[in-house]
Amino acid sequence: MAAPYEYEEGGYPEQTDAVGYDPNFVPDSVKSFVVHLYRHIREKNVYEIHQMYETSFQTLSERMFKETPWPSVDAVAPYVDNDHVFCLLYREMWFRHLYARLSPTLRQRIDSWDNYCSLFQVVLHGVVNMQLPNQWLWDMVDEFVYQFQAFCQYRAKMKSKTAEEIALLRQFDQAWNVYGVLNFLQALVEKSTIIQILEREKEGLEEFTATDGYDYSGGSNVLKVLGYFSMIGLLRVHCLLGDYHTGLKCLRPIDITQQGVYTSVIGSHITTIYHYGFANLMLRRYVEAIHEFNKILLYIYKTKQYHQKSPQYEQILKKNEQMYALLAIALSLCPQVKLVEETVNSQLREKYGEKMARMLRYDEEASALYDELFSYACPKFITPSAPSFEEPLVNYNQDAYRLQLKMFLYEVKQQQLLAGVRTYLKVYSTISLGKLANYMDLDEPNLRAVLMTYKHKTHAVDSDGKIISNADVDFYIDEVVDTVIHSDKVIHNVSFQDMVRVVESKSAKKYGDYFLRQIVKLEGIMTDIDRIKLE
């Protein structure tokens, strides 16, 4: 069994008391940062907030706090009028920096949970009169789910826990509780009325997407956009729990076939499609998974150079590689290469062409390759339940991953015989059942079972409960009656023969994309020619 991808957390020691670090010392540059950020938030200057959040915070972190936390919230509070909401926002950034640069202690994990509870309570039940950048609001939801996932992984490694840590886990047993996490995300969705807003937008009564969720009439975008991103957060949490159907159900109000607020933030866009595609892959909706992976991989290929200076760049590249692995799995189980754009297919063949050829075989090596790619590309599944403190302490952080891997490999094993059936169906338009059984070295009853399996595995149930087909080659069995005619008389010794009739679905060729690519190439050549100075 392949090791799960990056299940171990960062290799930093669990401490924040770095040599020389004083949580109460606030450098002048930090004073200036928090004062200006506070002023811009009060003025609802989204552009300046975004610049400070995306650029200044990262620059200061890199220059001054590479191996230490930022100054404590108590130390900076006097410079921002002790504003309660700003202090909650600052602590949210403080903990996010701590998770990114160091490794938090159990007490700090619990404190971060308390801070999220306070922040979301203010958003849900207070009067929030702010406009914050979509990037920041997405990062809040994204980090909230990430820290929940990290806490579940941390708590599940019980063997290395000290007596003090076990006592803390017993005392704060509600910290990062799965019901609490789901309830907060669901409450944000419901309180924001985002589902109704998106429905009204379809009728032309709202302009949520057109304004990227911002309120240009002087109101606040915080609750609405947090509610919107919480639907993506719910998809991610349910994928971590292995409940793919519920996860996709949570995302249904967002039409991912169209541009939306989720595409305004690159991290949100990639996270949405990654989990959406993975959930569809696990539910055997391979065509939908291939279609969406193809779109997002093409998008990343065309735009990743614009994000090279972004803090999310490494995460973009990592998710890009994982989605290529998932696409390789989907195409191996459902060979629909016609759904993949030329550029993406070229990259895929370069990365996984040899492995995909071996994955079509029915042997242990093929299973090992499926295991390897799944383990590399899957989400970091979690067991959300608390440990039993009365029993001997064991590590159970990989139990959920092993269960999902076992289920996936069982599905693959059921489908591996189908590659041979598909090969013959691609060759013949009509073939007798007996002849096909002979070719496949099976008797007719077993062949019928394999054909029924093919029918079952190439069909799935979509989100609307309708049966959809993943097959580019389908068939039906027709019973042919043979009678012998002699001297204008019908001889009554009748023979029956089952014939397999093949129906190949042919997708319409897309000439437009080809011609558009050639036009772009021609324009590039003409531009180069215009630059040439003739003597």
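Under the criterion of Cα pairs below 8 Å and six or more residues apart, the relative contact order for the range 218-323 equals 21 percent. A straight chain from Lys426 to Ser310 at 0.36 nm per residue would run longer than the Cα-Cα distance by 37.1 nm. The C-alpha atoms of the chain define a longest principal axis, and helix 286-303 lies at about 50 degrees to it.
Note on the range 248-356: Cα-only Rg and Dmax are 13.5, 39 Å.
Taking Leu102, Leu447 and ordering them by how much accessible surface each has at a 1.4 Å probe, largest first, produces Leu102, Leu447.
Under 5 Å between amide hydrogens, built in the peptide plane, is the criterion, and for Ser432 it picks out Val500 among residues at least 5 positions away or on other chains. Partners of Lys309 within straight-line reach, counting aspartates and glutamates whose Cα lies under 16 Å from its Cα and excluding those fewer than 8 residues away in the same chain: Glu54, Glu62.
Calculate, for Ile468 and Arg39, the FRET efficiency according to 1/(1 + (r/R0)^6) with r their C-beta to C-beta distance and R0 41 Å; round to the nearest 0.05. Computed FRET efficiency for Ile468 and Arg39: 0.15. Net charge dipole, the chain: roughly 680 debye, given to the nearest 20, about the Cα centre with Cβ charges of +1 for Lys and Arg and -1 for Asp and Glu. Quote the relative contact order of the range 310-432 in percent (integer), defining contacts as alpha-carbon pairs under 8 Å separated by 6+ residues. This gives 26 percent for the range 310-432.
Report in % the part of the accessible area of the range 132-215 that belongs to carbon and sulfur, leaving out ligands and nucleic acids; probe 1.4 Å.
Working: 1770 of 3680 Å².
Ligands and nucleic acids excluded, carbon and sulfur give 48 percent.
Mean residue ellipticity, 222 nm, helices only, the chain: the sum of -39500 (n - 2.57) across DSSP H runs of n ≥ 4, divided by residue count and rounded to 500, is -19000 deg cm²/dmol. In order along the range 441-449, the Karplus-derived 3J(HN,Hα) couplings, from 6.51 cos²θ - 1.76 cosθ + 1.60 at θ = phi - 60°, round to 6, 10, 7, 4, x, 5, 5, 4, 5 Hz, and Gly and Pro are given as x. Between the amide H of Asp474 and those of Val503, Glu504, Ser505, distances stay under 5 Å, these residues lying 5 or more places away or on another chain, with hydrogens modeled in the peptide plane. Across q = 0.08, 0.11 Å⁻¹, the chain modelled as identical point scatterers on its alpha-carbon atoms has Debye log10 I(q)/I(0) values of -0.65, -1.08, in the order of the q list. Within the shell defined by Cβ-Cβ distances under 11 Å, the residues around Tyr244 carry a net charge of +2, with Lys and Arg each +1 and Asp and Glu each -1. Counting Lys and Arg as +1 and Asp and Glu as -1 over every other residue whose Cβ lies under 14 Å from the Cβ of Tyr116, the net charge comes to -3.
3J(HN,Hα) couplings calculated from phi for the range 102-118 with the Karplus curve 6.51 cos²θ - 1.76 cosθ + 1.60 (θ = phi - 60°) are, in sequence order, 10, 10, x, 6, 4, 4, 5, 4, 5, 4, 5, 4, 4, 5, 5, 4, 5 Hz; Gly and Pro show x. Per-residue 3J(HN,Hα) values for the range 432-439, derived from phi via the Karplus relation 6.51 cos²θ - 1.76 cosθ + 1.60 with θ = phi - 60°, read 6, 4, x, 5, 5, 5, 5, 4 Hz in sequence order (x marks Gly and Pro).
By the rule of a C-alpha distance below 27 Å, with chain neighbours fewer than 8 residues away ignored, the lysines paired with Lys406 are Lys157, Lys159, Lys249, Lys318, Lys319, Lys351, Lys355, Lys380, Lys455, Lys457.
Near His459, the amide H atoms lying under 5 Å from its own belong to Asn470; only residues 5 or more places off or on other chains count, and H is placed 1.01 Å from N.
Rounded, prolate or oblate: which fits the range 99-139 when a ≥ b ≥ c are the square roots of the eigenvalues of the alpha-carbon gyration tensor, with rounded for a/c under 1.5 and prolate only if a/b beats b/c? Oblate.
Ranking Tyr313, Ile194, Leu226 by Cα position along the charge dipole of the chain, where only Lys, Arg, Asp and Glu carry charges on their C-beta atoms, puts Tyr313 farthest toward the positive end. With a cut-off of 12 Å between beta carbons, the residues surrounding Leu409 carry a summed charge of -1, where Lys and Arg count +1 and Asp and Glu -1. Of the GluC sites (Glu not before Pro) found in the range 37-90, those that fall in a DSSP loop while having at most 15 other beta-carbon atoms within 10 Å are Glu67. Each Lys and Arg adds +1 at its Cβ and each Asp and Glu adds -1 at its Cβ; summed about the Cα centre, the range 353-478 shows a dipole of about 320 debye. Placing one equal scatterer on every Cα of the range 146-247 and applying the Debye formula, the log10 ratio I(q)/I(0) at q = 0.17 Å⁻¹ is -0.85. Computed from Cα positions, the angle between helix 418-427 and the longest principal axis of the chain comes to roughly 50 degrees. Solvent-accessible surface of the range 242-326, taken per residue with a 1.4 Å probe and all protein chains present: 40 Å².
The values are calculated or read from the model by the stated rules, or taken from the named source; none is laboratory data. Just so we're clear, the structure is a prediction, and the values are computed from it rather than from any experiment. No Cβ is skipped: glycine too gets one built from the backbone with ideal geometry, and neighbour counts run over all protein chains shown. To get the accessible areas, we keep the full protein, side chains included, count just its heavy atoms, and leave off ligands, DNA and RNA. Shrake-Rupley method; radii C 1.70, N 1.55, O 1.52, S 1.80 Å.
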